[in-house]
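**Student:** Here you go, one structure.
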Amino acid sequence: MLNSPPTRGDRLLPARGFAAALTCGLCVLTLASCRKDNAATPPQGPLPVMKTFSGAEMVLVPGGWFHMGSQDRKADESPARRVWVDAFWIDRTEVTQEQYDKVLEGDVFAAKPSAFKGPRRPVEQVTWAKAAVYCNRRSQAEGLQPCYDEEAEPVTCDFTANGYRLPTEAEWEYACRAGSSGDYGFGSEGGRLKDHAWYADNSGKCTHDVGTRQPNAWGLYDMHGNVAEWCNDVYDAASYKAGPDRNPRGPRDGEKRVLRGGAWNFKAESCRSGARAAENPGFQDACFSRDAIGFRCVRANVGDSRAETRTGAMTQTKAAAKAAPVATPAPPATQPAKKRTGFVYDPAYLEHKTGPRHPERPERLTAIVKHLARRGLMGKLEAIKASPAELARITAVHSEAYVRRVQTTCRDAPATLDSGDTPVCARSCEIALLAAGGVLSACDAVVEGRVSSAFCAIRPPGHHARRDRAMGFCIFNNVAVAARYVQQKHKLQRVLIVDWDVHHGNGTQELFHEDPSILHFDVHQHPFYPGTGQADDTGSGKGVGSKINVPLPSGSTDDDYLRAFEQKLVPAAMKFKPQFVLISAGFDAHCDDTLGGMKLTAEGFGKMTAIVRRIADACCDGRIVSVLEGGYALEGLSESVEAHVRALLATQD
């Protein structure tokens, strides 16, 4: 098993997220020192590792200088030259068949290509173009900007995009060497190759599960053998004789693409760090066995704006300038990066299976993520890793008996929980904890100033969940759990909850009915499910006056909602002076939604968001965490979320 980073609580779960894990880059690695023999010393301690939405583990490789190629080997490896490579993330292993199938499920390129079958074996018999398509689909699935223009001829790569791509030849060799100046990442002792690679002498004429040989010093597996790996570069035997010394990307045109690394049928000489090969990208007149060719992905460390400095380079001696690779991380940028809006999403949320034709279905989230990616918004959002909420956080608002019943019912799944409209599967309790935990992670990020606000694309939703009962598709009340969390952990006592779902948030109101520290504003269709939320229900006991219900008739429009916000919400909120704002962001009041009867537009949701943002800016430094509730017409949902997110992003202007 590969090591995974720790998450919230004492459980070990995969680190999730695209740019959230990139913040590890701000903690970079200490300067590697040169020994007396001028050999490079790799960074001290393990490099940062994250697990992506697709399930691949990635290592953050520090930027640095190294000597690329060799002087006394094959002609296309010379002259060896000193090259700088910016920091980047790289897959710890080659892309596996399981990962490939998961990302391309349902795609035109989804045909299983590999000759040697096995979920943990590297995918092979993949053309360069299909590897590029995989990078794009993996980027889209994680809400990142794809790097490859698939319509161009030939396919081109946008290195400014924040999505996945194939490594440049320089990046690949730098990662393979991992600070070593020898023939291999572990040195020059060829006898040790069998411990680090699957190649002709030990493979048994087939591929093997990834990660079963020893990794290199930077925690990367199979760099010297299992399958050869596509690089982004066009191949040119003479390319080392020219080209830039910073982030070289190979020639612009050519018939073949670069292959790097050893393979199960390669001899030891061809498994060296500096060994180069080339192949026709579509396997036309292929020289190599197609079942010996795979790939791994990289992505830019877009969260780190640092650059190697002239001072650091000038302090090296002439001897060191001729030495082996030196990882030289640069100092932090002098100007802090502008805070962005956070985004919580995890593919595991799709694993809460509600059955065919159920309106609260996984496709809701995939529609949102794909739409935001198409609109170019995902690159403007900061991913926030979701971790499961600790049970103590859940029982701050739900009874322990109810939590046990959720666990038991899910173990006996498929079943329905408490009411016929809330189906569960075996993983539903696990996913519901992850959904609530994702909101808590967003709260942490906002309070700690890592992001200005956040939107949580989670499921199952929560605002109908009562203290001891599930209903209305909801299991745990995510917003209520978050409200108590910011009060208990972050000591922010006055919390405003704004709920504009078409259905009244009965669970949230009930949980805080007597609590004056929670101002709950709820605008909803009435009469309608669940039948609560009359205007005269303003709370009870000490909570009287802290609950504001605005029931609106079917057919209400943007103007009706905005009037309620300006006349009811704004005065109450400004008097309350919240220290934190939560939004129960249901989009089922959209005019196209079949579960509601309202006439809101995407523009209306954007304008409501702007009003809430105005309150947060005035009262609590803009601290907003928005949590997805309803919304079932996929196009209307996606467009409304876009308008909502754009309004949150406007806080950065």
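**Student:** Determine the relative contact order of the stretch 77-142: mean sequence separation of Cα pairs under 8 Å and six or more apart, normalised by residue count, in whole percent.
**Tutor:** Dividing the mean separation by the residue count of the stretch 77-142 yields 32 percent.
**Student:** TYR184's amide H: which non-local residues (gap 5+, or another chain) put their own amide H closer than 5 Å, with H modeled 1.01 Å from N in plane and none for Pro or chain starts?
**Tutor:** Correct list: SER273.
**Student:** If R0 is 22 Å, what FRET efficiency do you get for LYS267 and ALA238 from their C-beta distance, rounded to 0.05?
**Tutor:** 0.35
**Student:** Return the sequence-ordered ³J(HN,Hα) values of the stretch 366-375 in whole Hz as given by the Karplus equation 6.51 cos²θ - 1.76 cosθ + 1.60 applied to θ = phi - 60°, using x for Gly and Pro.
**Tutor:** Working through the residues one at a time gives 5, 5, 4, 5, 5, 5, 4, 5, 4, 7 Hz.
**Student:** Still on this structure, I have one more. How big is the equivalent ellipsoid of the stretch 518-647 along its three axes, where each semi-axis is √(5λ) from the Cα gyration tensor, reported in whole Å from largest to smallest?
**Tutor:** The equivalent ellipsoid of the stretch 518-647 has semi-axes of 23, 19, 12 Å.
**Student:** Tabulate in residue order the Karplus-calculated ³J(HN,Hα) for the stretch 56-63, using 6.51 cos²θ - 1.76 cosθ + 1.60 with θ = phi - 60°, rounded to whole Hz; enter x for Gly and Pro.
**Tutor:** 7, 8, 10, 10, 8, 8, x, x
**Student:** Continuing with this model, one more query. Could you work out how far apart the two model spin labels at ARG427 and GLU566 are, taking each label as a point 7 Å from the Cα in the direction of the beta carbon, and quote it in nm?
**Tutor:** Each label point is offset 7 Å from its Cα along the Cβ direction, giving 4.7 nm.
**Student:** Between the stretch 386-456 and the stretch 81-104, how many Å separate their Cα centres?
**Tutor:** Going from one Cα centre to the other spans 32 Å.
**Student:** Can you compute the FRET efficiency between ASN280 and THR594 using 1/(1 + (r/R0)^6), with r the Cβ-Cβ distance and R0 = 41 Å? Round to the nearest 0.05.
**Tutor:** Once the sixth-power term is evaluated, E becomes 0.20.
**Student:** How do 516-522, 187-193, 252-258 rank on mean C-beta neighbours within 10 Å, highest first?
**Tutor:** Order by mean packing, descending: 516-522, 252-258, 187-193.
**Student:** Under a straight-distance cross-link criterion of Cα-Cα below 18 Å, which lysines are reachable from LYS385, leaving out those fewer than 8 residues away in the same chain?
**Tutor:** In chain and number order, the partners are LYS51, LYS339.
**Student:** Another one. Return the carbon/sulfur percentage of the accessible area of the stretch 141-210, one whole number, probe 1.4 Å, all protein chains in place.
**Tutor:** In the stretch 141-210, the share of accessible area belonging to carbon and sulfur is 45 percent.
**Student:** Work out from phi, with θ = phi - 60° and the Karplus expression 6.51 cos²θ - 1.76 cosθ + 1.60, the ³J(HN,Hα) of each residue of the stretch 465-479, listed in order in whole Hz, and give x for Gly and Pro.
**Tutor:** Along the stretch 465-479, the couplings run 5, 9, 4, 9, 7, 8, 6, x, 6, 9, 10, 10, 7, 4, 5 Hz.
**Student:** May I ask for the distance between the Cα centers of the stretch 158-205 and the stretch 583-617, given as a whole number of Å?
**Tutor:** 51
**Student:** Points 7 angstrom from Cα along the Cβ direction at GLU98 and ASP412: gap in nanometres?
**Tutor:** 3.1
**Student:** Which of rounded, prolate, oblate describes the stretch 598-653, given a ≥ b ≥ c as roots of the alpha-carbon gyration tensor eigenvalues and a/c under 1.5 marking rounded, otherwise prolate only if a/b is larger than b/c?
**Tutor:** Prolate is the answer for the stretch 598-653, as a/c is 1.5 or above and a/b outweighs b/c.
**Student:** Suppose every K and R has +1 on its Cβ and every D and E has -1 on its Cβ; what is the size of the dipole of the stretch 344-401 about the Cα centre, in Debye to the nearest 20?
**Tutor:** 440
**Student:** Give me the distance in nm between label points sitting 7 Å out from Cα along the Cα-to-Cβ direction at LEU391 and ARG81, one decimal.
**Tutor:** The modelled label-to-label distance comes out at 6.1 nm.
The values are calculated or read from the model by the stated rules, or taken from the named source; none is laboratory data. All figures in this text were calculated on a predicted structure; none of them were measured in a lab. Here the Cβ is made from the backbone with ideal geometry for all residues, glycine too, and neighbour counts use every protein chain on show. Keep in mind that these areas ignore ligands, DNA and RNA; they rest on the heavy atoms of the full protein, side chains included. Shrake-Rupley method; radii C 1.70, N 1.55, O 1.52, S 1.80 Å.
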